[in-house]
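Written below as structure tokens is the structure these notes are about.
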Amino acid sequence: MRTFDYASFETTPIPGEVKMYLSLIKEYKGKLQDIYMRKPGTLSTLIHYAALRGAASSNRMEGISTSDRRLEPLLDGRVKPVGRAEKEILGYKFCLDLMRKNHEKFTFTPGYILRLHKHLYRYAPTVTSGLYKSMDTVNNAISVECGDGGDTGHGIKETLNDEIIRPSCGKKFDFVPVSALDTEQAVRDLCDAYNLAMERNAVSSLILSTQFVMDFLCIQPFYEGNGRMSRLLLLMLMYQNDYRSVKCISLEEMMEKTKDSYCEALRASTINWQDGTNDPWPFISYMLGITLAAYRELENRFI
């Protein structure tokens, strides 16, 4: 089974592009700190609409949507959900609100991840909500084909009802996630590796957070909801490390708009993931790039 050694980042050379992103994000983070305090009304408005856009985009990436006319009243609680799609969108918004208000209280543990998955399906519960997968498909393989058509109606054909990659990006590759038998231990090891690396405080929390998300996607711990869970976990990690731009500007919307790049970065970084010889930097660089873009957009909104 794949092992997780985040301490290796302490001695691994960081690509120049990643260094540049880290430097610029740090600069924007400091620059905008005072602006948040001076314009609390603007901040509240941005947070509100970022949550609405994030819930819509993250679900749309999985082929789950409702009409533009119903979206805002649905997420503001002015209309009741109709059908499973609207219930799942509402569940994602519930998770966003929960994380935004309580992120300082949570520790990253397998128990927290399971509870978050259950909350994701709180309005459309299934027998697998909040539970790890218990069975593998034949050969435990996912075949992903991103094109102009597909069995799901969202540009994808695949052998497993899962969400590792849904954006239509013109790429095709096979991927073998962690087996159901090893899933619980893999998630435990992943959380331990992240928490230990954060305690050591020797590697940027942005690198650790994006690496955590990529490893989570490769584990594929659930039958469904892995894609949306990965985005929720990324936001939670950034909330905890005080990257406020992701509260005010929807990262999910940015990912949806750059889905080709997202798909390619994830494909490139998951090659040979199972034996630990994969290259994590394409995915890390992509995630840092959209985080920087969020800070730049946030500055434009405030100034």
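Can you give me the distance in nm between label points at Asp260 and Asp136, each placed 7 Å from the Cα along the Cα-to-Cβ direction?
Label-label distance for Asp260 and Asp136, simple model: 3.6 nm.
What's the lysine pair count for region 22-106 at a Cα cut-off below 28 Å, pairs eight or more apart or interchain?
Value for region 22-106: 19.
Let me spell out the model: positive unit charges on the Cβ of Lys and Arg, negative unit charges on the Cβ of Asp and Glu, origin at the Cα centre of the chain. What dipole size does that give, in debye rounded to 20?
1320
What number comes out for the charge environment of Gly54, summing +1 per Lys or Arg and -1 per Asp or Glu over other residues with Cβ under 10 Å away?
Overall, the nearby charge balance is +1.
Under a crude label model (7 Å from the Cα following the beta-carbon direction), how far is Arg296 from Arg100 in nanometres?
Roughly 2.5 nm, to one decimal.
Could you please report the charge total around Glu86, scoring K, R as +1 and D, E as -1 over all other residues with beta-carbon less than 9 angstrom from its beta-carbon?
Summing Lys/Arg as +1 and Asp/Glu as -1 gives +3.
Restricting to Cα pairs below 8 Å that are 6+ residues apart, what does the relative contact order work out to for the chain? Please round to a whole percent.
25 percent.
From zero outward in steps of 10 Å, how is the percent of C-alpha pairs of the chain spread across the bins?
6, 28, 38, 23, 5, 0
No lab work stands behind these numbers, since they all come straight from the coordinates. No experiment lies behind these values; they were computed from the predicted model shown. Every residue, glycine as well, gets a Cβ built from its backbone with ideal geometry; the counts of neighbours run over all protein chains shown.
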